[in-house]
Each structure stands twice: as C-alpha cells, then as structure tokens.
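Written below as structure tokens is the structure these notes are about.
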Amino acid sequence: MALVGGVGCVTGLALGVGLTKAVSSKQEVRPRIVRQESSSDDGELKERSKNHANFSGGGGGGTMVPSKSIYAQSFDRRRFAGGSGVQRTLHSLGHGSALEENSIPSPQPRNGQRSARRRDSALFTQVEHRVTEEKLVIVMVGLPARGKSYISKALLRYLNFLGCTTRLFNAGNLRRDEGKAGINADFFNPNNAAAKAQREAMAMQCLEQLLEFLSEKGNNVGILDATNTTIERRKKVREKVAEYPGMSCIFLESLCTDPSVLQENYRLKLVNDDYKGMDASEATADFENRVQKYEQAYQPLEDVEEGVEMSYIKLIDAGKKLVKHKCQTSARKSLPGHVFKLLHSIHLGARSIFIALVGESENSCLGRLGGDSPLTHIGSQRGPALAKFLNKHEAEELQAAEAAEKDKVEPTLVMCGTLQRHLHTVHHLQMSTPHKKKRTILKFQRLNELCVGGMDGLTLEEVEELYPEEARGMQENKLTYRYPGEGGESYQDLTFRLHENILRLEQLRGSAMVLCDPAVFRVFLAYFRATPLEQIPDLEVPAGIVQFTRTHSGFKEDHIDIPGGGA
C-alpha cells in the first residue's frame, strides 16, 4: 500500500470524511477541502484562537481536541503536534504528490489493526552528551555589571537545550538567601578582612553545591556565577575541582570598557534584591562604589597562574572580541566547543523577541495532521493583526530613540516557514512599516512544523485506530519518539533542526518576530525559559504573542493578546 503525499491519505482504507476510491489506480486521494465561513466578531476570534493554541498542532495548525478528551485516555494527544511533511523528497505544495511505496512504512494488517514497519534504530533519537557523561565546571570571572549573570543564564539555556543537564550556582543569590541582601559597598572592600572571609566562605560553599550536583549521574555542567576576580580565589576553585576525577574546568571572563554598555548594565543591575525599595540615585552611587572596591583587587585572567596553564575564554566588550586559551575539544570532550559557539553569538544589547502562531489553516479546523492547506477565513485575519501590532511597537521604538539614533533603529526582522499558512500570514507584514526601510522577511524551511511522516493527513482518531502501538510509544517517549515514515521527526529532532535559528536570534542586535506552528513554538518557549527538554511536548502554547525582553540576567516574558485566528 502507499501513502498519498500532501494531505497524506492511507490507501485502501475508508478513513471517513473526504475519501474517495480511485477507479483507475490503487491509490486513494483525499480531495482538497474548501471551507467558507462567515465573519466573526473579536470575542469569537479570541476564544477560537485560544482553543486552537492550547491543543497541539499538526502542520495544519492545531489539533482541535483537548487533551482531556476521551482520546487522551490511551495517550497524550499533545504529542501529535506536527506534520508539515515538507521534509519528504516529493512534497511540493501538499496536494496529491504520490510517494513511492518503498519510501514510507507500509501498513500491515494485524488482528484488524495496523502497524508501521520500520527499523528499531529509527524509533528514537539520542543526545550525545547523555552518552559521553562529560562533566564541566564553568567559572565566571569579572567585575560587577559586566554581563556575567546574563552570560551565565544564556549558557544555562543553550546547554540545556543541547541536552546537557546544566545548573547555575550564583554566589550573590546565596549571600542574599543568608540574609545579606541590601548590604552597602563596604562589605566588598578588599581591606575589610571579616567581610572578605565571609565572601570567600560563601563562594566555596556555592562551589561545593555545584560539585555535588555534578557528581550525580546524568548531570553535565555546573556554572559558578561569582566575581572570582583574584588569582588566589581562582586557585582555590581550580584545586577543589581537581579533587573530583573526570571533571574539567574552564574560566570565562567578561571584560567591558564600553561606556554605553556599562551604563545600560548599571541601570539593569539596580532592579535586583540588593536595591529593592531604594532611591535610584542612592542605589546607583552605592553600586558604583561597590565596583570601585572590586577594581582595587581585580586581577584579570592570565595564560599561566601560579605555575598552571589556564583554560579560559575571554568575552570583550559584549562580544566585540573573543579570546580562548587551552579549550580544545576531543571525541569525549565537546562542551568547551559548544560554549565557545554560543559566545560567538550572544551580546548584551537591549532588544525584544516575539514568538507568534501563524494563522489557522483548514487542516487545523478539521483536526488533520500535516498537510499544506490554506488559511481559513478566521486564520486570514491573523496577518493584519500582527502587522498592526508590529507597526505600533516600531513606532514606539522610534519615538523613544534619540534624534541622532533614529536612523540606526532597524525594523523588526521577521522569520517564518515556507508553507502556505506561513506565506499568507507574513504577506501582511511586508505591506507597511513606520520605518523608512522595508521590513526584512526571512523564510526558512526549518521553521516549518514538526513532520509526522506517514501519519500525515490522518486525524487523531484514525491514528489511534490504525496504529495503536505507535500511540503507546508516543505516550511513553514524548521527547525522543520519532514518527514513522519518510521525514518523520521527534521533538528531539526538532530541537536539532532549530539550532541555527536559535543562534540567529541570539546574534540579532535589533528586535525579531518568529511566526510558527505549535510544536516549533514550544521549542522556542523552552529555549528562552530554560525549560528541560523532556517538558517541551507538554508546554501550553499561548494564543497571542509571547514577548521576551532582555534584562540584566536573561529575558523577561510577557504575553500580548491580539485578535485573529492562531494555528
């Protein structure tokens, strides 16, 4: 038997609505469905958009049946968040492209049910870092307000996203937890012996917690976020790590002399718990005094310290220059290379990143997985609503910029997939902008929805009936389960596919918007929230726009409601 491309019917089966039997061939083709809808008011649009977003989406946009339905009793419906099918060789626009029989699993009868034939090796994906069990300690170095906390949080997000179980250990948070929040700059005076002893004890306590974490099986990276500005401190850290066999250590120093970056970092730093409720000018004066105290004892990293060759990376002026020393990778030592790759991308500039669903498609309304169906009437209203939002955001950015800087403010970069619903939604964002420059639209195939392979075009009811073993596998292995058939992916595969787009968002100096389907949306949410990979398939997708705004230690998340149907 063969599957028909595009809407993806299984041949020789009566699957319900829209199936007709071909007289002159063995294939059955699901005819394209054209829906006409009357216009709806804003209330209906918002409610419908909310419903669609909270149920998992096939490439057609979203599964319309909530996870609490009767179908969820056998497996979690949210795993069916996939399915453009565009990975397949013969897929074009999604209507009637036939696939060769040997390119997809041939459903075989089994006690009245069917199962997808495939190699066991194609069933699950694997993360290399969980096989090699590499252990790495990253030790931050630098004066206050040099971006150490932001860089630490970026590393936490990125390494967890790669499948490296990573945790951050912040000496400042430990100090505040022990009741020393809000203390003045004198506590950081290098000539204050009692305070220095307390700071050293807390830093080593933080390191002990980190090493205990790394000693557990399955944990890969611990990040020590502290100033570590003296050779004496770094020697203690290095020697302590050396007591644990199999652990390596690299130091990451952030140096910054750019006045504009420092001014912005100082401003962001004043929102932490040390200055809660304090007058802004008083807080600024105290923080600048604290920095001066640290500068008195600061010793930048050197190639050799105390006769030991140091492994380090230096990030200079928020990414303008990057230096590494003795950070080679090997077959079983790849983590330093991943760290360096991220540091090539991140910067400390202020910006916003918006994640939004594309418009609702016909397959989404019908509960069919995959395909490349056009937008519904409600889905067609998504693009104008997004354009209106972006125009307002960009006008506010221009108004806030100083006169001399207005020409440097770029329009929001927009990224989307290549399916019909993406192209029709993004079309409206090209039409107008408050900028003199045109808005740049980048269309990537890798931003298309998770591909469900041989399940393309089926409803969830049909999947449960025809492939009960696959349904059980999806429930048991939500992250690594790979859909059968050519191009079929797992959520783990999807994180690999989106890796370059993640780094592109980190590199951008201005604002950006990503238009995507639910499964891709979940991956971006997980990255910016530093959510463990295993939780990605269960993340709830908001109906509106999610905005991530840069803060001193990462990104702040806000939700914005907009009208129009979301996938």
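The values are calculated or read from the model by the stated rules, or taken from the named source; none is laboratory data. Here the structure is a predicted model, which is why all the values come from computation and not from measurement. Cβ: placed from backbone, ideal geometry, glycine included. Neighbour counts: every protein chain shown. We work out accessible area using only protein heavy atoms, side chains counted, and drop any ligands, DNA or RNA first. Shrake-Rupley method; radii C 1.70, N 1.55, O 1.52, S 1.80 Å.
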Rounded accessible area per residue of the stretch 127-217, 1.4 Å, Å²: 37 Å²
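Exactly which trypsin sites (Lys or Arg not before Pro) in the stretch 363-437 are in a DSSP loop and have at most 10 other Cβ atoms within 10 Å? Each step should come with its number before you reach the end.
Details: sites: R368, R382, K388, K392, K406, K408, R421, K436, K437; in loops: K436, K437.
Hits after loop and neighbour filter: K436, K437.
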So who's got an amide H within less than 5 Å of the one on K324, skipping anything under 5 residues away but keeping other chains? H placed 1.01 Å off N, in plane. K314
Of all the C-alpha pairs in the stretch 349-389, what % are more than 17 Å from each other? 42 percent
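Can you pick out the pairs among K180/K293; K148/K408; K408/K437; K180/K556; K235/K341; K388/K438 whose Cα atoms lie more than 20 Å from each other?
Pairs exceeding 20 Å: K148/K408; K180/K556; K235/K341.
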Residue-ordered couplings for the stretch 546-557, obtained by feeding phi - 60° into the Karplus form 6.51 cos²θ - 1.76 cosθ + 1.60 and rounding to whole Hz (Gly and Pro as x), are 9, 10, 10, 10, 5, 10, 5, 10, x, 10, 8, 9
Spin-label point model (7 Å from Cα, Cβ direction): what's the V271 to A242 distance in nm? 4.2 nm
Looking at the stretch 205-249, which GluC sites (Glu not before Pro) are DSSP coil and have at most 11 other C-beta atoms within 10 Å of their C-beta? E216, E243
Distant-in-sequence amide H partners of L252 (H built 1.01 Å from N, under 5 Å): V139, M140, V141, I313
What trypsin sites (Lys or Arg not before Pro) in the stretch 487-516 are in a loop by DSSP, with at most 16 other Cβ atoms within 10 Å of the Cβ? R509
Contour minus Cα-Cα span, D303 to T549, at 0.36 nm per residue, comes to 84.9 nm
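Expressed in nm², what is the orientationally averaged projection area of the convex hull enclosing the Cα positions of the stretch 266-373?
Numbers: hull surface 57.8 nm².
Averaging across all directions leaves 14.5 nm² for the Cα convex hull.
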With θ taken as phi - 60° and the coefficients 6.51, -1.76 and 1.60, list the Karplus ³J(HN,Hα) couplings across the stretch 141-147 in order, rounded to whole Hz; mark glycine and proline as x. 9, x, 5, x, 6, 9, x
Taking the dipole of the stretch 298-443 about the Cα centre (Lys, Arg +1; Asp, Glu -1; charges at Cβ), the one of A356, P384, L413 that reaches farthest to the positive side is P384
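Probe radius 1.4 Å, ligands and nucleic acids ignored: give me the carbon and sulfur share of the accessible area of the stretch 168-277 as a rounded percent. Present the calculation step by step, with values, prior to reporting the outcome.
On the way: 2490 of 4990 Å².
Carbon-and-sulfur percentage of accessible area, whole number: 50.
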